[in-house]
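First the structure, in the form of structure tokens, and then the observations on it.
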Amino acid sequence: MLFVGKDRYLQLVAMARGRLKDNLLPEEAEESDMKRTYARALECMEKSKLYLDPDLSLEDMARALGTNKVYLSRTVNVVSGRNFCQFVNYYRVQYAKDIMRKDPHSRMMDVAIASGFHSIVTFNMAFRANMNDTPGAFSRCCPRDS
């Protein structure tokens, strides 16, 4: 009897089942690929500001990154510990904070819409989840840009 590692065993089983091209990545390679994909996702969010689109979908972002939505979703989950909506809402909340700092008299509904949220309810929920505070309370005590 021959003893092989689990990864090699899975590769041999896949080959025996007719899959000649091995698409099973060793754990380190997969983790490294996920980190690169996540870094590209961060760069895309920060430079292109995709989060400002209220209709942004996982599929839209995957297309922008040249990957598929299942892999992108898994990557965001594994690397950040958040789901895709939480990932996007984090950026929206950061943008909303910037708006409130620049114009402390902005109406919350206007801030929510400008930040990519569909409604004030989702804005409030996302803000509280990310900041442990309400947008109104943050706006009243946040540091202002001069």
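The values are calculated or read from the model by the stated rules, or taken from the named source; none is laboratory data. This one's a predicted model, so the numbers in the text were calculated from it and none came from an experiment. Here the Cβ is made from the backbone with ideal geometry for all residues, glycine too, and neighbour counts use every protein chain on show. When the accessible area is computed, the model is the full protein with side chains, heavy atoms only, and any ligands, DNA or RNA have been set aside. Shrake-Rupley method; radii C 1.70, N 1.55, O 1.52, S 1.80 Å.
Below is a table of values for the structure above.
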| item | result |
| --- | --- |
| Dipole magnitude of region 78-146, debye to nearest 20 (Cβ charges: Lys/Arg +1, Asp/Glu -1, about Cα centre) | 80 |
| Gain in span if fully extended, residue 39 to residue 137, counting 0.36 nm per residue against the direct Cα distance | 32.0 nm |
| Å³ per residue enclosed by the Cα convex hull of region 28-146 | 106 |
| For region 33-115, size of Cβ-based charge dipole, Lys and Arg +1, Asp and Glu -1, in debye | 260 |
| Residues of region 80-146: accessible area per residue with a 1.4 Å probe, Å² | 56 |
| Pairs beyond 31 Å (Cα-Cα), from 6/69; 69/97; 35/102 | 35/102 |
| Portion, in percent, of the accessible area of region 55-146 that falls on carbon or sulfur, probe 1.4 Å | 52 |
